Amino acid sequence: MKTSDIRDKFVKFFESKGHVHLPSSSLVPHNDNTLLFTNAGMVQFKDNFTGKANPKNKRAVTIQKCVRAGGKHNDLENVGFTARHHTFFEMLGNFSFGDYFKEDAIKFAWEFLTETLSIPKEKLYVTAHHSDKESADLWHEKIGVPRDRIFFRGDKDNFWEMGEVGPCGPCSEIFFDHGKDFSDPNADTSECILDDEDRYVEVWNLVFMQYEKFKEDGEVKRKNLPKPSVDTGAGLERLAAVMQGNYNNFDTDGFQYIISKIESISNKKYSNHPQMMRVIADHARSCSMLLSDGVLPSNEGRGYVLRRIIRRAVRFLDQLGVKEVNFYNLVDPVFDTLNQMYPDTRNNQQFVEKYLKLEEESFRKTLSSGLKLLNKEIESLRENKKTTLSGSIVFNLYDTHGFPVDLTQMILEENSLSADIDGFNKEMEDQKKRSKADGDFSSSSQDLSSFYQVFENHGATKFLGYENLESESKLISKIDLNGKAALVFDETPFYAEGGGQLGDIGEIYFNNTLVGKVIDTRKPIDGLYIHIVEEVAQIEENQTYKLCVDKKNRDLTKYNHTATHLLQAALINVLGDHVKQAGSSVGPDRLRFDFTHPEQVKKEEIIQIERIINEKIQASLAVTPNSMKKDDAIKLGAMALFGEKYDDIVRVINIPDFSIELCGGTHVENTSEISFFKVLSESSLSTGVRRIEAVTNQAAFDLVEDKLRGLEKIEKELNSKGDKLFDRILKMKEEIALSNKEIKQLKDKLQSLSAKDMFNDIRELKDGTSFSLIEASEGDDIRKIGDLFMDKYPKGIVCVANKKGDKCMVLIKTFNGNSNYNCSEILKDLLAPLDGKGGGKPFMAQGSVAASSFSELKKSIDNVFLS
């Protein structure tokens with residue numbers, strides 16, 4: 001049975017049981033900073049289980065794309081070396097939110113496995129938590145599983161909990177027996193035969209969330225949930241192996257098409273290099289899907305994990321003998337195998353390929369030098385009979401050659417060596433700390449429980465701001481927010497920060513008296529608007545107040561927001577379809593737009609982009625907002641933001657025949673309101689991500705006027721206008737360059753004449769070598785003087801020193817191949833007692849000491865050369 005057929009059968013089976021099929025969420029968890037990646041099917045339903053959200057459907061079925069690499073759940077180092085570990089995998093899940101519980105969950109799982117998939121019952125074993133006799137009895141009495149095939153296990157294996165507090169409950173797992181041929185002879189099965197994990201493989205986990213952990217008087221306690229729920233997960237790749245008669249997941253159709261492409265690229269056979277090709281195939285899947293969901297390679301957080309995976313794959317390709325950039329060629333077979341369930345991936349294929357190619361090109365530049373250094377260090381460790389590579393060298397490989405630490409560790413382990421990770425961590429601490437370390441995604445310092453309580457009691461805030469800038473609204477809650485007041489009203493015209501647009505500011509009145517100034521508006525949780533006020537007069541809950549949005553601020557912001565839509569469309573038009581929004585910030589003063597593009601945007605491209613946008617502004621195009629189903633909007637070609645979670649009904653901003661985007665922000669009604677658009681700057685944000693900052697309306701006019709005034713001053717000063725001004729500046733540049741050349745020639749001539757006088761004091765060393773100590777003037781080029789000396793005395797050695805500010809510079813030079821004198825070693829001997837710094841090669845070295853040590857330096861030189 002094909003993997004695609006298993007997906008289809010799973011969804012149809014649970015739909016027949018009253019479940020609603022919901023799409024997979026993004027690999028980037030929405031509004032959840034506690035996770036690097038979506039690593040299980042239940043992640044998108046976390047609020048449903050905690051009771052913070054009321055699900056529309058009590059039963060759901062999903063096929064969730066997951067990544068486990070980095071953070072608490074990290075399978076990266078095991079990939080390829082076991083039969084079942086993956087960085088990217090698909091989780092089949094059925095969920096009950098306070099609807100059915102243990103009996104139905106058990107019946108559904110057994111029916112699907114034994115009847116829909118026709119897996120022999122005698123091949124299946126089950127487990128239950130040692131406290132959950134109810135589940136064990138259900139398996140035996142309702143399903144007919146013999147008692148000797150039901151095993152009780154402890155908390156480690158069979159109890160699930162979300163965290164220190166929150167929903168939790170016992171698990172019941174289903175195992176498949178691959179047969180005695182796959183037994184692990186070293187496995188200890190004295191307590192449970194399922195501890196032979198090579199032979200018995202878990203294919204389904206049923207989590208019964210029936211308790212809630214809470215803290216009381218500093219002690220963690222547990223109580224029954226009023227509406228127990230079910231969260232189940234089955235690994236698609238494991239089921240595919242079972243259904244296709246394979247022991248190893250990598251031998252299924254979900255991987256073999258990718259592996260055949262690797263065979264073609266490397267001209268090697270899978271049977272001869274199984275581990276390497278499995279790693280590459282797995283990493284091609286995770287990298288392609290992460291990029292498709294908007295994760296970009298970087299040096300922190302999610303982006304760093306992605307970069308590590310890419311570089312591990314490239315290293316294995318290199319070991320297979322693939323020396324050219326090729327990893328991106330695996331995107332097509334990856335999307336071929338996954339397109340059925342995730343059709344949006346095809347739309348991003350060009351983008352994904354471009355970024356994988358860019359990353360591989362970058363890493364291959366340092367891969368060779370890094371491997372040479374590492375191999376050299378490995379040889380040194382063996383020669384010195386050591387087994388641990390120092391943290392400083394591990395850090396150098398990471399910092400200079402782009403080697404992820406786990407890659408260095410893996411290569412060392414292949415050679416029965418280890419890395420000093422404590423030393424590496426110390427080196428990392430000494431370097432400027434990254435803003436967020438890998439996996440360090442801390443939740444907000446503000447406790448959200450009070451906001452959830454307000455939402456639970458009063459529901460969502462009604463937003464009126466698309467049509468109104470004022471409203472009469474009832475205050476339903478006042479919450480302390482780090483010294484400020486967070487006011488929650490039943491309805492509001494204030495736009496809360498979101499989608500890159502800053503929150504509205506304005507004023508609050510009671511009986512025509514100002515009682516508070518709103519300095520920001522935000523949504524701490526979905527649906528709840530808070531108005532942040534620094535100072536507030538006496539204000540009472542359940543009282544009605546007049547809310548007034550600052551109109552000028554809102555107008556300036558909406559000019560810039562609509563301009564970002566025009567900008568994105570123009571960027572795609574000029575640069576290509578690979579352009580994707582990577583972030584934005586829209587406020588009253590300016591707009592900032594981050595986008596994917598592998599190189600600097602050329603000046604002529606910027607001019608073209610500006611021209612297109614201003615043409616659309618002058619064309620007075622209607623800007624039309626519409627609400628519709630998300631699927632209908634996507635069919636119309638509406639662009640969505642990477643990683644963003646949208647409701648079933650979305651707001652679409654349409655600028656006819658030019659731009660159509662999903663967007664909940666505020667916008668102009670006609671492009672003519674924007675008046676004018678002008679780019680302020682274009683810069684690099686990170687590898688493959690560019691940033692444009694721009695202004696609109698009066699700010700854009702002011703910018704151009706300032707530039708024109710500056711131009712007028714230059715025209716007046718140079719007495720030239722128009723094209724003649726440009727010609728005049730070019731001529732002046734030529735004249736200045738010629739003058740500088742003449743000045744340099746004169747300086748060199750003067751220095752040459754001066755140097756001849758310097759060379760009068762030539763001394764003969766004991767071996768007959770001509771030597772001179774030259775004390776040069778502060779402005780002299782000591783390297784030039786050294787060259788002049790060697791021209792005159794090609795077999796000699798010279799020491800040139802001069803003062804430069806608060807430093808004394810020193811140069812030692814001789815001829816290349818002089819075996820009697822090593823300039824680098826001599827310099828070290830000279831500078832060491834004077835706390836100087838420097839270095840170089842055997843025939844030339846240069847360094848410096850404090851100017852106050854000049855006299856001691858000269859004495860030291862005499863001692864070294866003439867003693």
> What's the FRET efficiency of ILE421 with GLU705 using the Cβ-Cβ distance as r and R₀ = 51 Å, to the nearest 0.05?
Replying inline: 0.30
>> I'd like the distance separating the alpha-carbon centroids of the stretch 845-866 and the stretch 816-831, in whole Å.
In response: 14 Å
> Counting only protein heavy atoms and using a 1.4 Å probe, what share of the accessible area of the chain belongs to carbon plus sulfur, as a whole percent?
Replying inline: 45 percent
> What per residue convex hull volume, in Å³, comes out for the stretch 141-294 when only alpha-carbon positions are used?
Replying inline: 203 Å³
>> Just want the answer: with Cβ charges of +1 for Lys and Arg and -1 for Asp and Glu, which residue in TYR466, CYS663, GLN581 is farthest toward the dipole's positive end in the chain?
In response: GLN581
>> Loop-only trypsin sites (Lys or Arg not before Pro) in the stretch 613-702, please: DSSP not H, G, I, E or B, and at most 14 other Cβ atoms within 10 Å.
In response: LYS645
> According to the square roots a ≥ b ≥ c of the eigenvalues of the Cα gyration tensor, what is the shape class of the stretch 770-852, taking rounded for a/c under 1.5, prolate for a/b larger than b/c otherwise, and oblate for the remainder?
Replying inline: oblate
> When all alpha-carbon pairs of the stretch 120-218 are counted, what percent fall beyond 18 Å?
Replying inline: 51 percent
> Scattering from the C-alpha atoms of the stretch 497-579 alone, worked out with Debye: what is log10 I(q)/I(0) at q = 0.22 1/Å?
Replying inline: -1.07
> With +1 on each Lys and Arg Cβ and -1 on each Asp and Glu Cβ, how big is the dipole of the chain about its Cα centre, in debye rounded to the nearest 20?
Replying inline: 2160 debye
> What is the distance in Å between the Cα centres of the stretch 279-307 and the stretch 331-398?
Replying inline: 11 Å
> Summing Lys, Arg as +1 and Asp, Glu as -1, what charge do residues with Cβ under 13 Å from the Cβ of ARG590 carry, ARG590 excluded?
Replying inline: 0
> So for the stretch 224-322, Kirkwood radius off the Cα pairs, Stokes-Einstein at 37 °C and 0.692 mPa s: how many µm² s⁻¹?
Replying inline: 212 µm²/s
>> At a threshold of 8 angstrom on Cα-Cα distance, excluding pairs fewer than six apart, so keeping six or more, what relative contact order does the stretch 308-419 reach in percent?
In response: 25 percent
> Relative contact order for the stretch 719-867 using alpha-carbon pairs under 8 Å, separation at least 6, rounded to a whole percent?
Replying inline: 15 percent
> If you take the beta carbon distance between ARG783 and SER264 as r and set R0 to 41 Å, what does 1/(1 + (r/R0)^6) give as a FRET efficiency, to the nearest 0.05?
Replying inline: 0.15
> For the stretch 523-551 and the stretch 620-636, what is the separation of their Cα centres, given in Å?
Replying inline: 31 Å
> Could you give the dipole magnitude of the stretch 291-381 about its Cα centre, charging the beta-carbon of Lys and Arg +1 and that of Asp and Glu -1, in debye to the nearest 20?
Replying inline: 300 debye
> Helix 603-618 sits at what angle to the longest principal axis of the chain, using alpha carbons and giving 0 to 90 degrees rounded to 10?
Replying inline: 50 degrees
>> To test your reading of the geometry: what angle, between 0 and 90 degrees and rounded to tens, separates the Cα axis of helix 722-758 from the longest principal axis of the chain?
In response: 50 degrees
> Can you pull the Kirkwood radius for the stretch 538-583, inverse mean 1/r over Cα pairs, to one decimal in Å?
Replying inline: 14.0 Å
>> Can you give me the accessible area per residue for the chain, using a 1.4 Å probe, in Å²?
In response: 49 Å²
> Toward the positive end of the charge dipole of the chain, about the Cα centre and with charges on Cβ (Lys, Arg +1; Asp, Glu -1), which of THR114, VAL305, SER26 goes farthest?
Replying inline: VAL305
> Rounded to the nearest 0.05, what FRET efficiency is calculated for ASN186 and ASP723 with R0 set to 60 Å and r the Cβ-Cβ distance?
Replying inline: 0.10
> Against the longest alpha carbon principal axis of the chain, how many degrees, from 0 to 90 and to the nearest 10, is the axis of helix 449-458 turned?
Replying inline: 40 degrees
> For the chain, what does the equivalent ellipsoid look like in terms of its semi-axes, each the square root of 5 times an eigenvalue of the Cα gyration tensor, given largest first in whole Å?
Replying inline: 59, 44, 27
> Of all the stretches in the chain, which is the longest one without any exposed loop site, taking GluC sites (Glu not before Pro) in a DSSP loop (any state but H, G, I, E, B) with at most 12 other Cβ atoms within 10 Å?
Replying inline: 1-163
> Given a cut-off of under 8 Å on Cα pairs at least six residues apart, what relative contact order in percent is computed for the chain?
Replying inline: 7 percent
> Taking K and R as +1 and D and E as -1, what net charge do the other residues with C-beta under 15 Å from the C-beta of LYS107 add up to?
Replying inline: -3
>> Apply the a/c threshold of 1.5 to the C-alpha gyration tensor of the stretch 134-189 and tell me whether it is rounded, prolate or oblate.
In response: oblate
> Cα-Cα pairs above 20 Å in the stretch 505-647: how many percent?
Replying inline: 64 percent
> Is the stretch 272-349 best put as rounded, prolate or oblate by its Cα gyration tensor, with a ≥ b ≥ c the root eigenvalues, rounded for a/c under 1.5, and otherwise prolate when a/b is larger than b/c, oblate when not?
Replying inline: oblate
>> Let me check I've understood the local charge: for GLU693, count other residues with C-beta under 12 angstrom from its C-beta, Lys and Arg +1, Asp and Glu -1. What total comes out?
In response: +2
> When the Cα atoms of the stretch 319-370 are enclosed in a convex hull and the volume is divided per residue, what value in Å³ results?
Replying inline: 81 Å³
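The values are calculated or read from the model by the stated rules, or taken from the named source; none is laboratory data. Just so we're clear, the structure is a prediction, and the values are computed from it rather than from any experiment. All Cβ positions, glycine included, derive from the backbone under ideal geometry; neighbour counts span all protein chains shown. Surface areas here come from the heavy atoms of the whole protein model, side chains and all, with no ligands, DNA or RNA. Shrake-Rupley method; radii C 1.70, N 1.55, O 1.52, S 1.80 Å.
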